[in-house]
Amino acid sequence: SIDLLIDRAQLERLVDPISRSVWKKIILDRYVDFEHLYATFEKGYDHNDETKDFNEEFAIVKKDSFTKKRSVTSESDWLRLFDAWKAAVLVFYRHRDDELSVYREYVVKIFRSSPSPSSAILFDREV
C-alpha cells in the first residue's frame with residue numbers, strides 16, 4: 001500500500017525532511033507546490049501531515065498542514081527546494097535523474113539571465 005511506501009521513504013536520509021503528504025504526491029507522480037514544501041522545512045512542522053479519511057465524502061486535515069506556505073523568493077530558495085524534491089523523487093524514480101538535472105540547469109540559466117528571480121520561479125511554477 002502507499003502508506004508502506006511512505007513509511008519506507010521517511011526512513012531515507014535526506015538533507016531536508018519530506019512530509020508524508022509530499023511523499024504521497026511524489027509517489028503518485030503529482031504536482032508538488034514548492035511553497036508548501038518550503039513551509040514543511042520550518043522547525044516544528046508536523047511531518048505526519050496526511051489527511052485522515054472521515055467517511056467516503058470527507059477527510060480530516062490539520063489546518064496548518066493544508067494551508068501553510070512559505071514564499072519562494074530567491075534562486076537559493078528555489079535551488080534548495082528543487083534539490084530536496086529531486087532527492088525525494090529519485091528514491092522512487094531513479095531513471096529521472098538525467099531529465100531533472102537538465103531541467104535544473106535550464107532554470108538556473110533563466111535565473112542568471114533575468115534581472116529578477118521571479119522570472120525563473122514563475123517559469124518553474126507554470127511548467
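The values are calculated or read from the model by the stated rules, or taken from the named source; none is laboratory data. Being a predicted model, the structure only gives us computed values, none of them experimental. Counting neighbours? That spans all protein chains shown, and the Cβs are built from the backbone with ideal geometry, glycine included. Accessible surface areas use protein heavy atoms only, side chains included; no ligands, DNA or RNA. Shrake-Rupley method; radii C 1.70, N 1.55, O 1.52, S 1.80 Å.
Out of all the residues in the stretch 97-118, which are closer than 20 Å to R70 by Cβ and of a type in the set (S, T, N, Q)? Talk me through it step by step, then tell me what you get.
So in the stretch 97-118, the residues closer than 20 Å to R70 by Cβ come out as 107, 111, 116-118.
Correct list: S116, S118.
Could you list, ordered by first residue, the pairs with Cβ atoms under 7 Å in which the first is in the stretch 104-126 and touching a residue at least 40 places away in the same chain (Cβ under 8 Å) and the second is in a loop (DSSP other than H, G, I, E, B) and open to solvent by 50 Å² or more (accessible area, probe 1.4 Å), at least 6 apart or interchain?
P117/T73
Need at least 1 residues that are modelled with pLDDT under 95 and basic (K, R) per element, so show me which helices (runs of 4 or more DSSP H) inside the stretch 43-127 make the cut, counting only ones lying wholly within it. Walk me through how you get there before you give the answer.
Numbers: elements: 63-67, 75-92, 97-113, 118-126.
By residue number, 63-67, 118-126.
Of the residues L28, L5, which is within 11 Å of V91 (Cα to Cα), open to solvent by 50 Å² or more (accessible area, probe 1.4 Å) and aliphatic (A, V, I, L, M)?
Criteria check complete, one pass: L5.
Yes or no: V22 open to solvent by less than 80 Å² (accessible area, probe 1.4 Å) and modelled with pLDDT of 95 or more?
Details: open to solvent by less than 80 Å² (accessible area, probe 1.4 Å): yes; modelled with pLDDT of 95 or more: no.
Taking the combined requirement at face value, the residue does not satisfy it.
Which pairs have Cβ atoms under 6 Å, sit 6 or more apart or on different chains, and link a residue in the stretch 81-102 that is within 13 Å of V22 (Cβ to Cβ) to one that is open to solvent by less than 60 Å² (accessible area, probe 1.4 Å) and small (G, A, S)?
V91/A9
So which residues in the stretch 1-16 are part of a helix (DSSP H, G or I) and of a type in the set (K, R)? Show your work before the answer.
Initial filter on the stretch 1-16 (part of a helix (DSSP H, G or I)): 2-9.
The answer is R8, and nothing else.
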